[in-house]
Amino acid sequence: MPGPDSIRPMKLMVQIPCLNEEGTLPATLNDIPRQIPGIDKVEILVIDDGCTDRTVEIAREMGVEHVLRFPGNRGLGHAFAAGMDYCLAHGADIIINTDGDNQYFGGDIPKLVQPILEGRAHLVIGDREPEKVPHFSFIKKKMQTIGSKVVSRLAGMHVPDVPSGFKAYSREAAMRLSCSTDFDHTVDHVIQAGRKRIITVSVPIRTNDKLRESRLFTNIGVFITRSVGIMVRVYSSYKAMKIFTIAGSVLFGMGFILGLRFLYYFCFHDQAESDKHVQSLILAAILLLAGFQTILTGIVADLLNSSRGVLEDVSYRLRRLESDHTDKQKN
């Protein structure tokens with residue numbers, strides 16, 4: 001990880017995924033500082049996720065060094081992942097992700113990179129303090145607070161503003177974290193960071209006035225549904241054995257209790273009375289079988305997760321080799 005005593009020049013790249021941001025991109029770019037203590041070079045990457053307006057032209061007119069273009073819209077998750085790979089390939093030591101809608105105050109970038117420069121963290125998340133953001137609705141404030149607490153519990157670390165897209169990644173963190181969703185990376189990366197023991201800290205940041213509505217979701221219901229889906233999928237992929245074992249044990253236990261109930265009537269009552277409870281025996285058999293199969297599913301899912309861990313390790317090693325090759329070219 002880069003530190004304050006690094007000999008080679010420190011390069012910071014700010015990536016901005018964009019979808020038709022011609023109205024807000026100028027303000028976003030003007031906020032980004034080009035001189036940061038401890039950083040030798042600051043470059044900006046605009047990711048054109050299928051823009052049909054003048055976003056790219058404006059980026060180039062304003063001196064953006066890098067533009068990554070997609071022929072059509074691929075989604076925020078894909079744009080983010082492609083941007084991370086691009087930044088790594090171009091020798092970034094620290095990668096900042098921000099939004100093109102000027103939601104985050106770019107002047108706080110030095111605050112984001114400071115923990116990485118001091119060697120205190122690999123991942124730094126900007127905390128908007130949602131309860132204090134004036135343009136957030138009451139429901140959004142509460143849902144983001146509750147959601148952050150739930151995700152923090154799943155990840156095993158405290159992150160007060162999980163949905164924040166204003167983050168700083170060390171080169172090491174960028175190589176270790178993968179993106180497995182085409183909707184958003186925020187929940188995914190927090191849970192991954194907790195599982196992989198990537199040192200993560202949060203720092204308070206400022207936000208700008210709202211310039212447009214969010215394009216990630218049309219209403220709070222869609223946002224909640226998608227976010228919960230990501231939480232369940234990401235967490236279950238890492239804790240499959242635990243989840244399926246608990247579910248299977250509950251089913252198996254219910255079937256076992258019903259089976260005992262039938263045996264009680266079969267052993268201590270006459271034939272006519274026990275025949276009335278044959279349905280309990282059938283249901284018990286179904287529950288016992290379902291519980292057993294659920295536990296087996298957990299075992300299979302755990303084996304698949306082990307394979308995923310191997311693939312992630314291979315991906316990390318490949319990125320490490322590419323990083324070493326890039327460093328040699330820079331030197």
Going through (1) within 19 Å of residue 13 (Cα to Cα); (2) assigned to a helix (DSSP H, G or I); (3) open to solvent by 40 Å² or more (accessible area, probe 1.4 Å) one by one, residue 56 fails only at (3)
Counting only residues in region 153-194 that are open to solvent by 10 Å² or more (accessible area, probe 1.4 Å), at pLDDT 85 or above and among the charged types (D, E, K, R), the one nearest to residue 112 (Cα to Cα) is identified as 171
Going through (1) open to solvent by 40 Å² or more (accessible area, probe 1.4 Å); (2) modelled with pLDDT of 75 or more; (3) over 30 Å from residue 176 (Cα atoms) one by one, residue 270 fails only at (2)
- [ ] For residue 48, state whether it is of a type in the set (Asp, Glu) and in a loop (DSSP other than H, G, I, E, B).
- [x] no
With criteria (1) surrounded by fewer than 18 Cβ atoms within 10 Å (Cβ to Cβ); (2) modelled with pLDDT of 95 or more; (3) touching an Asp or Glu at 6+ places or on another chain (Cβ under 8 Å); (4) under 29 Å from residue 197 (Cα atoms), residue 145 comes up short on (2)
The number of residues in region 72-103 that are open to solvent by less than 30 Å² (accessible area, probe 1.4 Å), closer than 15 Å to residue 16 by Cβ and in a loop (DSSP other than H, G, I, E, B) is 5
Output for Cβ contacts, cut-off 7 Å, separation at least six or different chains, first residue free of Cβ contacts under 8 Å to residues at least 24 places away in the same chain in region 184-196, second in a helix (DSSP H, G or I) and open to solvent by 10 Å² or more (accessible area, probe 1.4 Å), reads 196/176
Flagged in region 138-168 as under 19 Å from residue 226 (Cα atoms) and in a loop (DSSP other than H, G, I, E, B), in numbering order, are 161, 162, 163, 164, 165
Restricting attention to region 215-257, the residues that are polar (S, T, N, Q), open to solvent by 50 Å² or more (accessible area, probe 1.4 Å) and either over 18 Å from the mean Cα position of the chain (by Cα) or modelled with pLDDT under 65 (or both) number exactly 3
Within region 21-38, restricting to residues that are open to solvent by less than 20 Å² (accessible area, probe 1.4 Å) and in contact with a helix residue (DSSP H, G or I) (Cβ under 9 Å, 6 or more places away or on another chain), the one that is farthest from residue 67 (Cα to Cα) is 36
Within region 113-142, residues open to solvent by 20 Å² or more (accessible area, probe 1.4 Å) and aromatic (Phe, Trp, Tyr) come out as 138
When you check residue 109 against the structure, is it touching a Cys at 6+ places or on another chain (Cβ under 6 Å), at pLDDT 95 or above and open to solvent by less than 10 Å² (accessible area, probe 1.4 Å), yes or no?
no
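The values are calculated or read from the model by the stated rules, or taken from the named source; none is laboratory data. Every value quoted in this text rests on a predicted model; they were computed, and no experiment measured them. Backbone-built Cβ (ideal geometry, glycine too); neighbour counts: all protein chains shown. Accessible surface areas use protein heavy atoms only, side chains included; no ligands, DNA or RNA. Shrake-Rupley method; radii C 1.70, N 1.55, O 1.52, S 1.80 Å.
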